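Read through the structure below, which is laid out as C-alpha cells, and then see the notes.
The values are calculated or read from the model by the stated rules, or taken from the named source; none is laboratory data. Quick caveat, the model's predicted, so the values are computed rather than measured. Backbone-built Cβ (ideal geometry, glycine too); neighbour counts: all protein chains shown. These area figures cover heavy atoms from the full protein model, side chains too; ligands, DNA and RNA do not enter into them. Shrake-Rupley method; radii C 1.70, N 1.55, O 1.52, S 1.80 Å.
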Amino acid sequence: MDLPISTEDLTRLYRFALLLTGDEVSAQQVFYDACMDCAARLGGYRNEDGRVACLLGSLRQKARATPASGIEARGVARAFSTLPEEERAALAGLYTGLLPARALAEALKLSLEQMGRVLKSARERLARAGLELGEPSLEQAL
C-alpha cells in the first residue's frame, strides 16, 4: 500500500498506535486497519497535516475498539496504559510530535483549553505513577 505520507510521519503514527494499544500486535493491526480505512481519502487532503490528522483520528477510533491483548505492560508502559483514553491519546500525540498543538487538539476534537487540562491531568497521573514505581521522571522515559 502506497500512502502519500512521509516515512517519518508513518513511523510517528505507528508509535501513536503503540502508545494507545500498549502492545505491538494490537498496534500493528490498528495501524494497518487505519491505513486501509484512510487510503482512498488521503489524496484529497491539501497537505501532510490533513493526511496525518485523518490517520490519527482513525487510529484513535480503531484503538478504542480493540480489546486488550492480555499482555501485561510493565513500568512506564503500564502507567501510560492506565491513563484514561482521552489523556492517553493527547499525550501520545504530543510525545510523537505528529501535529502542531492546535492541529492535534482539532484532530482529537478538543479545544486548546481542554487539551491543556487533559495534558496536565495526564502528566500528573504519570508523575504519581512514577513515584509509586520509584521512577521520579516517568514522563522523560516516554
Q: Quick one: Leu42 ticks every box in (1) modelled with pLDDT under 90; (2) surrounded by 18 or more Cβ atoms within 10 Å (Cβ to Cβ); (3) in contact with a Pro (Cβ under 7 Å, 6 or more places away or on another chain) except a single one, so which number is it?
A: (2)
**Q.** Residue selected from segment 100-110 under the condition of a type outside the set (A, V, I, L, M, F, W, C) and closer than 17 Å to Arg60 by Cβ, by the criterion most open to solvent (accessible area, probe 1.4 Å)
**A.** Lys109
Q. Residue check, Val30 against (1) in a helix (DSSP H, G or I); (2) among the β-branched types (Val, Ile, Thr); (3) over 24 Å from Ala122 (Cα atoms), all met but one. Which one?
A. (3)
Q) How many residues are out of contact with any Asp or Glu (no Cβ under 8 Å at 6 or more places or on another chain), open to solvent by 20 Å² or more (accessible area, probe 1.4 Å) and either of a type outside the set (S, T, N, Q) or closer than 16 Å to Arg88 by Cα (or both) if we restrict to segment 1-33? A) 17
Q) Pick from segment 119-140 the residues that are in contact with a Pro (Cβ under 9 Å, 6 or more places away or on another chain) and modelled with pLDDT of 90 or more: which of them is surrounded by the fewest Cβ atoms within 10 Å (Cβ to Cβ)? A) Ser121
